[in-house]
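Accompanying notes for the structure given below.
Values quoted throughout were computed directly from the atomic coordinates according to the rules given, and no laboratory measurement underlies them. Keep in mind the model is a prediction, meaning the values are calculated, not measured. Virtual Cβ from ideal backbone geometry, glycine too; neighbours counted across all protein chains shown.
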Amino acid sequence: MQSRSASVQRKTRETDISVELCLDGGAVSVESGIGFFDHMLTALAVHGGLGLRLRCQGDLQVDGHHTVEDCGIVLGQALARALGDKAGIIRYGEARIPMDESLAEAAADISGRSFLVFRAVFSQDRIGTFDSCLCEEFFRAFAVHAGITLHIGLPCGGNAHHEAEAIFKAAAHALRQALAPRPGVLSTKGSI
């Protein structure tokens, strides 16, 4: 089996990011400068069975938007590189994750087609210093640059921290299923 890992670096006037990603597990270390976002990316890696080292220096004096979106871009690029031709994976995954009063759902298709459906209304606008709306920005950037179709829903909630955490964990478990090894290519076309 080929190595399912990749490293990506990206530097702009707004952010300077480095990512090392291993689809088969490993250490997890995240430093984005936004505490709650670090918590979410750590949950994504741990629950997704991923090894992840991410470092970001962003223009947080503006706000968290550039940091969160650009981390999604770089993490998506790393996933696409680690997958190569996408052969030898289950391809599809889904999960429903409860967290106290909140319930999140996610479904993933490692398809080479970038698409995000994000249906979540957060109970609060902010989680500490993190803007709740940035969850969607992260997953859009991630899905587009990873080349995956990702559907995320939040049928119930009441606490934005629980809502966001359930979303990240649901996405993680859906990805973990989809990235699991299997022989051949799961496509009637013969390639993904």
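Data table
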| item | result |
| --- | --- |
| Relative contact order %, the chain, counting alpha carbon pairs below 8 Å whose residues are six or more apart | 27 percent |
| For region 1-142, size of Cβ-based charge dipole, Lys and Arg +1, Asp and Glu -1, in debye | 600 debye |
| Computed label-point distance, nm, for sites R119 and D63 using a 7 Å Cα→Cβ extension | 2.6 nm |
| Gain on full stretching of the segment that runs from A27 to K189 - 0.36 nm per residue minus C-alpha separation | 54.7 nm |
| Among I97, F142, A80 the positive-end extreme of the charge dipole of region 71-149 (Cβ point charges) | A80 |
| Ranked packing of 6-14, 81-89, most packed first, by mean Cβ within 10 Å | 81-89, 6-14 |
| The chain, helix-only ellipticity at 222 nm - DSSP H runs n ≥ 4, -39,500 (n - 2.57), divided by all residues, nearest 500 | -11500 deg cm²/dmol |
| Label-point gap, in nm, between S18 and R182 - each point 7 angstrom along Cα→Cβ | 3.7 nm |
